[in-house]
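Inspection log for the structure reproduced underneath, given as structure tokens.
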Amino acid sequence: MNNKIKLAVAGAVLASASVANAGITWDAGEWTVDMNGNVNAYAIMSDNKDSNAIDGGLANVSGTDDDAASINTGLLPAWLGFTATTRQNDLDTSITISFQPGASVSSSFSAGGNAENRQAFLTFGDKSWGSVKVGKDLGIFGSTAILNDMTLLGLGSQGVVGTSGGTTTTLGRIGTGYIYADWNGQIAYTTPNMNGLQLTVGITNPWNASSGAGTTIAANTGGSNASTGDTDEYAFEGQASFSWTGDFAGKVWGGFFSQEVTGINDGAGGTTSDRANAFEAGVSTSIYNINLVAYGYTGESMGTTDRLFQAFDSNGKGRDSDGGYAQATYVIPTGTKLGVAYGVSSLDNTSTDGTTNNLVSENSRLTVGAYHPLTKHLNLVAEYNKIESESMATTQSDSESDIISVGAILFF
């Protein structure tokens, strides 16, 4: 994948105050406006091996027909973003607002399908001391893991889309190698780049135990604690990274997430509290036309797939989780990027869960993909994804699905 598309992907997923990776720009008085985004869609064909629905499992399950077909966007939704920047009183300031229209419907009279608004934030700062972000944007913890996922240009697992389409995005490697950074209100500070070293720390709007994926990936059943909980304390997130250039270029990073969760049902008519903590580390290196990525995370009362999703059992005890992924890509002389990746996310059962709870214990995914830059803005994409889900219940068989997808993604 050429640098132009790398920058476009980075800009679409993690917009910043800079317009260095601009799409279409124009001057408006004292402001410079940047309009950027992408449109993508894929023909998706899945072969679903089992009818056993595992709570939180990401493998598609079969219905009356083991095969399913749909046309939908991939991990990146269709995107239209606007960033306006200016410099006043020795400060670089900016605002960013973006829209994510749906690209698929799955029933009559569904009109334009679903739509999202993932970004609405402002920044101010200076290269001498850093920048401050205020508003809604991609979370800090897990952000670099998703940014290095090769399925940003493709599909990954169907996840919340299921087999019929009709939503704005698939899951990529979310839940099969990393926990979703998600989009959340935040106040964050990022240091200037200090010879490759950069730090970001922030407070974010607190999550609760039934937020995020709990209502869209699976019904929050099977012994999961569906209490909304109370959030009387901000979540704290941070990430440190070091980048270097040259023939052997790369980046290493580490991050954390921490939040107190109170008001959790204790299974006896009362409530309890716990602190969710998670840590991550990763490395991405490139030499010649080869790129290698390795990433891992571990969490206590953090849940799996999304933050605090299935984090507590029915007695309010937190579940431990961990996971990671390894990825290798190679750009052949035609410019086509070929890649293979494998990742897994595991959720430990508690004494309350035992071995009878039909809750996911592990989601894993193997991906083989080809990404061809037909132009500097347009990529043709073909992927094969094999997703497996395992249950905590020893009497429950595993679920498995094979997905083939072909399509295109155009950045501007």
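Run the quick spin-label model on Ala43 and Asp320: label points 7 Å from Cα toward the beta carbon, then report their separation in nm to one decimal.
Those two pseudo-labels are separated by 4.7 nm.
Calculate the FRET efficiency for Thr336 and Lys127 from the Cβ-Cβ distance with a Förster distance of 35 Å, rounded to the nearest 0.05. Spell out each step's value before the answer.
Values: r = 37 Å, r/R0 = 1.06.
Efficiency, from the Cβ-Cβ distance: 0.40.
Which FRET efficiency, nearest 0.05, do Thr355 and Ile24 yield, Cβ-Cβ r, R0 56 Å? Present the calculation step by step, with values, prior to reporting the outcome.
Values: r = 56 Å, r/R0 = 1.01.
The value I calculate is 0.50.
I need Met35, Met194 ordered by Cβ neighbour count within 10 Å, fewest first.
Numbers: Met35 15, Met194 10.
By the 10 Å Cβ count, ascending: Met194, Met35.
Any of Lys133/Lys251; Lys251/Lys337; Lys136/Lys251; Lys251/Lys317; Lys337/Lys386 with alpha carbons more than 31 Å apart? Name them for me.
Working: Lys133/Lys251 23 Å; Lys251/Lys337 20 Å; Lys136/Lys251 26 Å; Lys251/Lys317 36 Å; Lys337/Lys386 20 Å.
Violating the 31 Å limit, Cα to Cα: Lys251/Lys317.
Arrange the peptides 239-250, 181-192 so that the one whose residues have, on average, the most other Cβ atoms within 10 Å appears first. Walk me through the intermediate numbers first.
Values: 239-250: 13.4, 181-192: 18.5.
Top to bottom by mean Cβ count within 10 Å: 181-192, 239-250.
7 Å from Cα along Cα→Cβ at both Val406 and Asn205: what's the point-to-point distance in nm?
Here the modelled spin labels are 4.1 nm apart.
Every read-out reported here was derived from the displayed coordinates using simple, explicitly stated rules and does not represent laboratory data. All values derive from a computational prediction rather than experimental measurement. Positions of Cβ are generated from backbone atoms using ideal geometry, with glycine treated the same way; all protein chains shown enter the neighbour counts.
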